[in-house]
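Reviewing the structure listed below.
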Amino acid sequence: MPKVTVDGQEIEVPDGATVLQACELAGKEIPRFCYHERLSIAGNCRMCLVEVKPGPPKPQASCALPAADGQEIRTDSQMVKTAREGVMEFLLINHPLDCPICDQGGECDLQDQAVAYGRGGSRYHENKRAVTEKYMGPLIKTIMTRCIHCTRCVRFSEEIAGVDEIGALYRGEDMQITTYLEHAAKHELSANVIDLCPVGALTSRPYAFEARPWELKKTLSIDVSDAVGANIRLDSRGREVMRALPRINDDVNEEWLSDKGRYMVDGLTRRRLDRVWIRKGGKLQPAGWEDAFKAIAKAKAGNSVAAIAGDLVDCETMFAAKKLLGALGSDLLEGRQTGLDYPTDNLAAVNFNSTLAGIETADAILVVGSHVRWEAALVNVRLRKAVKRGAKIFLVGPRWETTYPAEFLGDDVSVLGDLPSEVAELFEKAERPAVIVGAGGLAAGAFQDALALAQGWSREGWNGFNVLHTSASRMGGLMLGYAQKGGIADVVKAEPKVVLALGADEVDWSAFGKSLKVYIGHHGDKGAHAADIILPAASYAEKDGTYVNTEGRVQFAEKAVFAPGDAREDWTILRALADALGVEVGFDSFAELQAAMIAEVPALGVEGLADIMGLSGGKLPKAKAAKVKGAISYPIRDFYLTNSIARASAVMQRCSAELLHGEEILEAAE
């Protein structure tokens with residue numbers, strides 16, 4: 001490890017580190033615009049200049065200079081200060097004075113560095129250049145005159161998202177950053193360029209002119225739009241969530257967020273259920289809580305009750321419903337709304353065992369029945385990184401546009417029983433082979449065959465069998481016992497008198513014709529349309545809750561805002577319902593509920609990866625290869641409209657119409 005001296009302080013730095021990284025290890029803050037830890041080095045903004053000896057007697061860009069043994073680095077000399085002031089002066093030559101009306105104001109790197117290194121006056125008297133506005137779609141607002149050509153957005157699109165949609169045209173003073181042919185940016189991670197942009201050139205179109213950062217209350221939360229469990233921050237003002245931003249968590253989402261997780265938050269204020277409704281004479285009529293509880297108590301009358309968990313609910317809600325049903329003598333709990341019926345007695349068999357970060361180290365990956373870009377866009381980023389490290393990826397299922405070299409083996413599940421010899425040989429020789437089974441594979445019956453393949457390729461110290469869920473509540477539900485042996489078909493066969501739908505919108509409710517359907521949810525979506533009684537509940541942003549992602553990682557989300565109208569947090573509704581039904585559930589507060597849940601499932605009380613293998617007896621179940629046949633189809637037809645919040649979101653509806661279905665969206669002036 002080379003030893004360098006930074007401003008008189010001698011430190012050791014890792015091999016391959018740059019001078020900029022060495023300075024940061026020494027506690028020095030180096031200004032930068034183009035450099036980003038997760039992107040390749042461009043070295044084109046020149047803001048990170050330092051003085052290095054031995055070397056030429058001039059400032060050097062620290063981001064592109066390798067740290068070498070014996071270097072003396074100065075970050076605070078007069079030469080460095082003057083050089084940085086000169087670079088800032090050049091950057092501001094063409095930059096417009098838009099700060100008062102710029103959405104980046106208050107969280108702008110250029111503003112911050114201009115305070116530190118800007119000159120008191122300008123020496124530039126030529127005309128400023130202007131750049132025509134570009135259209136990058138319904139999510140990204142562009143004012144490219146502000147662009148300083150750091151190329152972060154270009155490198156993100158090419159290296160992280162794997163979609164060459166943004167690039168630089170022309171040269172010198174005529175250089176412009178744009179989408180080629182001025183098409184909208186269509187990939188699922190496009191809005192991350194807004195976070196990366198160090199100036200106000202790329203800002204959020206839906207959030208434009210809505211709020212200033214210092215007006216907002218910031219709450220730590222979890223993205224529920226898929227099963228990855230991306231760490232997010234909800235920024236709210238009053239009773240409205242204004243925006244969602246990603247938080248850094250290298251084990252889960254790094255610092256990226258899918259467009260759906262970021263922009264569906266405007267759906268939190270639309271189509272909301274904010275009062276109790278009871279169906280009378282075929283029509284829903286407004287009612288009171290007492291009337292609803294009496295109707296449920298009358299229908300129950302000692303007969304069976306079932307609970308079906310939706311895709312967005314937290315573990316506390318599911319546990320409260322479980323305790324209520326237990327007090328009523330029922331165990332009809334199910335969370336797999338669409339009819340999946342894979343075995344759940346061993347949790348390791350339904351977990352993403354390689355972990356999200358670990359899948360990057362796999363060297364051969366077989367994806368069975370998963371459109372990864374739509375089902376888990378952030379897992380697709382991990383697969384790209386695996387390919388960059390030399391991994392080979394093979395897919396079974398209908399073709400979709402991958403963002404990395406991959407081979408499709410066919411769209412019939414029978415391929416698993418007869419893999420091409422060269423593919424089978426590659427997996428047998430691989431050091432870390434992995435299998436990923438998606439919802440399409442599970443629905444087609446590929447579970448046992450995929451598990452058998454993974455066990456045939458097993459390696460010591462490496463568990464390569466992974467199930468990629470699409471629902472934020474799925475792993476938590478399975479840990480709490482929300483699974484019947486035959487899936488939801490078992491619930492239908494039991495013909496329960498009352499069905500509690502905990503935000504369940506994807507169920508075929510026609511099968512429950514004889515049941516009283518009680519919908520406890522937050523949006524007037526499919527479940528509410530089929531319900532006999534609607535009890536308005538809180539969304540994920542309006543309550544504290546525990547979520548378990550597809551790799552078995554336990555994470556906590558905090559309450560950002562209050563629910564609208566008469567809506568209440570789900571657990572309080574279930575607690576009040578217990579009183580109306582005359583049973584004891586053992587908790588009167590959220591703290592008591594959470595303590596009872598953790599006492600029953602201790603893994604839910606420890607933030608981080610749960611010991612899924614330990615909960616499952618330390619090993620996967622023995623697979624029984626079934627050699628099934630049948631075409632695979634993917635469950636997600638529209639990436640932007642997969643849950644009740646997204647379907648209520650005007651932004652997501654516009655994305656679906658414009659980016660997926662090619663509809664022309666006219667602006668008001670047109």
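The values are calculated or read from the model by the stated rules, or taken from the named source; none is laboratory data. What you see is a predicted model; the values in this text were computed from it and never measured. Cβ atoms come from the backbone with ideal geometry, glycine included; neighbour counts cover every protein chain shown. Note: accessible area is taken over every heavy atom of the protein model, side chains too, but ligands, DNA and RNA are not part of it. Shrake-Rupley method; radii C 1.70, N 1.55, O 1.52, S 1.80 Å.
Residue pairs exceeding 28 angstrom between C-alpha atoms, taken from Lys260/Lys497; Lys385/Lys543; Lys218/Lys526; Lys485/Lys517; Lys260/Lys624; Lys300/Lys493: Lys260/Lys497; Lys385/Lys543; Lys218/Lys526; Lys260/Lys624.
Extension gain, Lys622 to Glu159, is 162.7 nm, computed as 0.36 nm per intervening residue step minus the present C-alpha separation.
Maximal additional length on extending the Tyr135-Thr269 stretch stands at 45.5 nm, based on 0.36 nm per residue less the C-alpha distance. Ligands, DNA and RNA left out, the accessible area of the chain computed with a 1.4 Å probe is 50% carbon and sulfur. Within the same chain, lysines fewer than 8 places from Lys58 are excluded, and of the rest, those with a Cα less than 19 Å from its Cα are Lys81.
Calculate how steeply helix 590-600 sits against the longest principal axis of the alpha-carbon atoms of the chain, using the helix alpha-carbon long axis, and give the answer as 0 to 90 degrees to the nearest 10. Its long axis makes an angle of about 80 degrees. In terms of Cα to Cα distance under 21 Å, which lysines are near enough to Lys388, apart from those fewer than 8 places away along the same chain? Cα-Cα hits under 21 Å: Lys429.
Each Lys and Arg adds +1 at its Cβ and each Asp and Glu adds -1 at its Cβ; summed about the Cα centre, the chain shows a dipole of about 900 debye. Averaging Cα coordinates gives a centre for region 422-478 and one for region 21-74; these two points are 43 Å apart.
Helix 78-91 sits at what angle to the longest principal axis of the chain, using alpha carbons and giving 0 to 90 degrees rounded to 10? So the inclination is approximately 70 degrees. Rounded to the nearest whole Hz, the Karplus-based 3J(HN,Hα) values (6.51 cos²θ - 1.76 cosθ + 1.60, θ = phi - 60°) of region 364-373 follow the sequence 8, 10, 10, 9, 10, x, 9, 8, 4, 4, with x at glycine and proline.
So in the chain, what percent of DSSP beta bridges are antiparallel if you round to the nearest 5? Expressed as a percentage, antiparallel bridges in the chain total about 55.
Using a probe of 1.4 Å on the protein chains alone, the accessible area found for Asp69 is around 110 Å². Using a cutoff of 8 angstrom between alpha carbon atoms and counting only pairs six or more residues apart, the relative contact order for the chain works out to 14 percent.
Extending 7 Å from Cα along the Cβ direction at His125 and again at Tyr170 yields two label points whose distance is 2.6 nm. Approximating the spin labels as points 7 Å out from Cα along Cα→Cβ, the Glu12-to-Thr572 distance works out to 5.7 nm.
The candidate values are [x] 1.07; [y] 1.01; [z] 1.24; the one derived from this structure for Rg/Rh (Cα atoms, Kirkwood Rh) carries the label [y].
Relative contact order of region 96-215: 35 percent, from C-alpha pairs under 8 Å at least 6 residues apart in sequence. Take the chain with all the other protein chains still there, run a 1.4 Å probe, and you get 41 Å² of accessible area per residue.
Each residue, Ala650 and Ile598, gets one label point 7 Å from its Cα in the Cβ direction; the gap between the two is 4.2 nm. Highest mean first, the peptides 42-50, 643-651 sorted by other C-beta atoms within 10 Å per residue fall in the order 643-651, 42-50. Between region 296-329 and region 573-640, what is the separation of their alpha carbon centroids in Å? So the two Cα centres are separated by 14 Å. Calculate, for Val606 and Lys81, the FRET efficiency according to 1/(1 + (r/R0)^6) with r their C-beta to C-beta distance and R0 45 Å; round to the nearest 0.05. Approximately 0.40, to the nearest 0.05. In a shell of Cβ-Cβ distance under 12 Å around Asp331, excluding Asp331 itself, what net charge do Lys and Arg (+1) and Asp and Glu (-1) give? Residues near Asp331 contribute +1 overall.
Tell me which trypsin sites (Lys or Arg not before Pro) from region 429-508 have a DSSP coil assignment and no more than 11 other beta carbons within 10 Å of their own. Answer in residue order: Lys485. Between Glu584 and Glu401, the FRET efficiency estimated from the beta carbon spacing at R0 = 60 angstrom works out to 0.65.
Between 0 and 90 degrees, the angle of helix 315-327 with respect to the longest Cα principal axis of the chain falls at about 10 degrees. Projecting the Cα positions of Gln448, Val585, Leu478 onto the charge dipole of the chain (unit charges on Cβ atoms of Lys, Arg, Asp and Glu, taken about the Cα centre) puts Val585 furthest along the positive direction.
Add +1 for every Lys or Arg and -1 for every Asp or Glu among the other residues with Cβ under 13 Å from the Cβ of Arg262, and state the total.
Net local charge, Arg262 excluded: -3.
Between His183 and Asp638, full extension at 0.36 nm per residue minus the direct alpha carbon distance yields a gain of 161.8 nm.
A simple count of charges around Phe293, restricted to other residues whose Cβ falls under 14 Å of its Cβ and scoring Lys, Arg +1 and Asp, Glu -1, yields 0.
Here the calculated FRET efficiency for Lys280 and Ala494, from their Cβ-Cβ distance with R0 = 30 Å, stands at 0.65, rounded to the nearest 0.05.
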